[in-house]
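Everything on this sheet refers to the single structure shown next.
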Amino acid sequence: MGTLTGKQVAEAGLDGWTYLLGALQTRIRTPDFAAGLALVAAVGAEAERVDHHPDLDLRYTHVDVRLWSHDVGGVTQRDLRLARFVSGLAADSGLTLSAAGLARLELALDTPEHAAVLPFWRAVLAPGAPPGPGGDEVRDPDGVLPTVWFQRSGRDEPRQRWHPDVWVDPAEVDARIAAALAAGGTLVSDAEAPSFWVLADPDGNRVCLCTWQQRA
């Protein structure tokens, strides 16, 4: 089963869901912990029935649901079907789905030669984990730590070696940029928008706001 692009996922029209860093995500607000636990149990029962299992994060006020097909490393039609089931389940329970405020953090290390440093970071962050796609990523197999990828850079000093990539829904970008500028930041570049925007804090440290748009 082939993976879907961000554009294909968006065209599926899943209200309350967003596509972030290779997975579908939503947040379901719950009135209390018991309601969240009941929702998780119902989603789990369906996941067992179809043998396709989401990542679930139960909190006192909400449940985060993340869907991706682990065997192919991306979103497939199976995930769209399960997302629609979860949406219907939430609606039947009087609960609301929303993608507002959701984000995924990825860390990038700018380095002239990633092959020399990647084994060190794999040993520290994800010992025993296989290389990520393209051989230039370190992924925590349990999905707890952020993905680390290695961006080729020059050797000129000074240079910023680490920078965070924050993946957000396209609808969130403008508000986040406005808030960053109001907080004293600067927009360094929008040359690659809408794939990503480069921002810097008042001290010059950079961060990228990333979306699925205009990506393979």
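Of all the residues that make up the range 2-14, how many are out of contact with any helix residue (DSSP H, G or I) (no Cβ under 7 Å at 6 or more places or on another chain) and surrounded by 12 or more Cβ atoms within 10 Å (Cβ to Cβ)?
Of the residues in the range 2-14, 8 are out of contact with any helix residue (DSSP H, G or I) (no Cβ under 7 Å at 6 or more places or on another chain) and surrounded by 12 or more Cβ atoms within 10 Å (Cβ to Cβ).
Could you give every pair whose Cβ atoms fall below 6 Å, whose first residue belongs to the range 173-194 and is within 14 Å of Val207 (Cβ to Cβ), and whose second residue is in a loop (DSSP other than H, G, I, E, B) and open to solvent by 80 Å² or more (accessible area, probe 1.4 Å), counting only separations of at least 6 or pairs across chains?
Between residues of the range 173-194 that are within 14 Å of Val207 (Cβ to Cβ) and residues that are in a loop (DSSP other than H, G, I, E, B) and open to solvent by 80 Å² or more (accessible area, probe 1.4 Å), the close pairs are Gly184/Pro202.
Using the structure shown, decide if Phe120 is modelled with pLDDT of 95 or more, of a type outside the set (S, T, N, Q), surrounded by fewer than 18 Cβ atoms within 10 Å (Cβ to Cβ) and over 20 Å from the mean Cα position of the chain (by Cα).
No; evaluated as a whole, the condition is false for this residue.
Of everything in the range 18-58, what is within 23 Å of Ala171 (Cα to Cα) and either modelled with pLDDT under 95 or open to solvent by less than 20 Å² (accessible area, probe 1.4 Å) (or both)? Give them in sequence order.
Hits for the range 18-58 are Thr18, Leu20, Leu21, Gly22, Ala23, Leu24, Gln25, Thr26, Ile28.
Condition test on Leu187, is it in contact with a Leu (Cβ under 8 Å, 6 or more places away or on another chain) and among the aliphatic types (A, V, I, L, M)?
Against the criterion (in contact with a Leu (Cβ under 8 Å, 6 or more places away or on another chain) and among the aliphatic types (A, V, I, L, M)), Leu187 qualifies.
Cβ-Cβ distance below 6 Å, separation of 6 or more or different chains: which pairs start in the range 103-124 with a residue that is over 17 Å from Asp165 (Cβ atoms) and end on one that is part of a loop (DSSP other than H, G, I, E, B) and modelled with pLDDT under 85?
Going by the 6 Å Cβ cut-off, the qualifying pairs are Pro112/Arg155.
Just name the residue that is most open to solvent (accessible area, probe 1.4 Å) out of those in the range 62-74 that are modelled with pLDDT of 95 or more and of a type outside the set (D, E, K, R).
His62
Kindly provide the set of residues from the range 147-156 that are outside any strand (DSSP E or B) and in contact with a Pro (Cβ under 8 Å, 6 or more places away or on another chain), ordered by number.
Ser153, Gly154, Arg155
Based on what the data block shows, is Asp92 more than 18 Å from the chain's Cα centre (by Cα) and among the charged types (D, E, K, R)?
Criteria met by Asp92.
The values are calculated or read from the model by the stated rules, or taken from the named source; none is laboratory data. These figures come from a predicted structure and were not determined experimentally. Every residue, glycine among them, receives a Cβ derived from its backbone with ideal geometry; neighbour counts consider all protein chains shown. Heavy atoms of the whole protein, side chains included, go into the accessibility calculation; ligands, DNA and RNA do not. Shrake-Rupley method; radii C 1.70, N 1.55, O 1.52, S 1.80 Å.
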